[in-house]
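In what follows, a structure is listed as structure tokens, so that the remarks can point back to it.
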Amino acid sequence: MAADLACLVRGTAIITDIASLESVAAGELDVPPTSFDAVISLLEESGLVELTRDIHGEVSGLTSEVPYFQDLYPILGTAWRNRRPSQLEEEVVAVVDQLALGPFPAEMLVERAGVESSDVDRILQLGTDSHLIKSVSGIEGTILYSPFTAFENPALLSELAESHGSDQLLSEFAALRNRQGLAVSPERYPLLYDAVGRGLLLAPSVRLPSGGDQPFVTLPYTLDRSLLIGEKPILDKALAVVACIRCGEEFGGYSDLPSAVSAINKLLREGELRPHSSSERQYRLMRNKGVVAYGSDPMPWGHWIVPTLIDTPDNRRALEIARDLITLGESMEGRSDRTGMDLLSTDAIYLNPMKTVKANRPRLAHKEAEYAKLIAAVMGYGAS
């Protein structure tokens, strides 16, 4: 909850209406009012926000000092450690951490996560109740997996384990987690190759210099489920970028890309990439997805194409998601609450902002007019 709230206020210099911030946190981030004070106090202790208080000691204002995501989570992790969590809390986190590397059989829970066998039932119950741990059952038993992964048909996990064995499942998913956009083949990664064929994993293919098509597997860890449903076209664009850039790194021949991230940054910054003899083949998938167009060779005698960004908000967002996947192993799009951030930046007039909200699971459903008042209060617009 602290991480979610930190992402919400990051980039907002000063918030003067804490009651309205509490309402937005409840409605958008599932931070119940009973936890709000503890959450902002934790952020203050961690140096992520600066709080001002009135003469009664009540919090009256907040100044954000939240850094980028790579720094945010280690800071909060240190704060969590300093609070001396219980053994059960540490065990649940250890299990979720292992599941982030890939699914594994429930019978390996003690071995993989190092938890006490006597705590397994409690861990699984707590993980299930809190939606941190999910499972599917097959002939060989139960397979545990993380709900934060982008499996569109998790039941296939058990079939893969039965076909290839649990050890193969663990090792290949660990390899994928360590390198998004992994080039797979039936010889080197048989389980992942099978998973692609069964439709479990997403793997856009790029034509190689030899003439064959090479699939590049990506497992887009994300908290933003809209990327898998309503905004799937943006995710498809991002995965096409990952595949083409990885192909350039590994199969570019004479003109291998020295840095995938630098190539994406160059597209975002300059709108084009330097042409070479393989550009037309290598970036065809991005062209087909509408991410780039083929510009003309700048040399009058040349016949190479120039990959040129089609500069739209969706394409820029797709490039940023691809960059996150390559550098961080997951999309940061889901790490910040886009709706909440948009609401915080809304300029509106308010009259009587809501001061309290009831505990909410599922989330509260505010009308737009109500939210306009709340956000205006948080941002300090208008007059009471």
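Data table
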item	result
Pick from segment 151-164, criterion surrounded by fewer than 21 Cβ atoms within 10 Å (Cβ to Cβ) and of a type in the set (A, V, I, L, M, F, W, C), ranking: nearest to ARG281 (Cα to Cα)	PHE151
Long-range neighbours under 9 Å by Cβ, at least six apart or interchain, first residue touching a residue at least 60 places away in the same chain (Cβ under 8 Å) and under 15 Å from TYR145 (Cβ atoms) within segment 157-173, second in a helix (DSSP H, G or I) and of a type in the set (Lys, Arg)	LEU170/ARG112
Residues of segment 111-122 satisfying the condition of being surrounded by 15 or more Cβ atoms within 10 Å (Cβ to Cβ) and either part of a helix (DSSP H, G or I) or outside the structural domain of SER158 (by TED's automatic domain parsing) (or both)	ARG112, ALA113, ASP119, VAL120
Residue satisfying condition, being surrounded by fewer than 18 Cβ atoms within 10 Å (Cβ to Cβ) and at pLDDT below 90, within set GLY102, GLY141	GLY141
Within segment 165-193, considering residues that are assigned to a loop (DSSP other than H, G, I, E, B) and surrounded by fewer than 19 Cβ atoms within 10 Å (Cβ to Cβ), the one nearest to the chain's Cα centre (by Cα)	ARG179
Selection within segment 83-107 - free of Cβ contacts under 8 Å to residues at least 60 places away in the same chain and within 16 Å of SER135 (Cβ to Cβ)	VAL92, VAL95, VAL96, GLN98, LEU99, ALA106, GLU107
Selection within segment 211-235 - surrounded by 15 or more Cβ atoms within 10 Å (Cβ to Cβ) and at pLDDT below 85	LEU219, PRO220, TYR221, THR222, LEU223, ASP224, SER226, LEU227, LEU228, GLU231, ILE234, LEU235
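To keep it simple, each residue is scored yes or no on (1) among the small types (Gly, Ala, Ser); (2) in a loop (DSSP other than H, G, I, E, B); (3) at pLDDT 85 or above.
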{"position": "THR12", "(1), (2), (3)": "no, yes, no"}
{"position": "SER23", "(1), (2), (3)": "yes, no, no"}
{"position": "ALA26", "(1), (2), (3)": "yes, no, no"}
{"position": "ALA38", "(1), (2), (3)": "yes, no, yes"}
{"position": "LEU42", "(1), (2), (3)": "no, no, yes"}
{"position": "GLU50", "(1), (2), (3)": "no, no, yes"}
{"position": "GLN70", "(1), (2), (3)": "no, no, no"}
{"position": "ILE75", "(1), (2), (3)": "no, no, yes"}
{"position": "ARG81", "(1), (2), (3)": "no, no, yes"}
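The values are calculated or read from the model by the stated rules, or taken from the named source; none is laboratory data. What you see is a predicted model; the values in this text were computed from it and never measured. All Cβ positions, glycine included, derive from the backbone under ideal geometry; neighbour counts span all protein chains shown.
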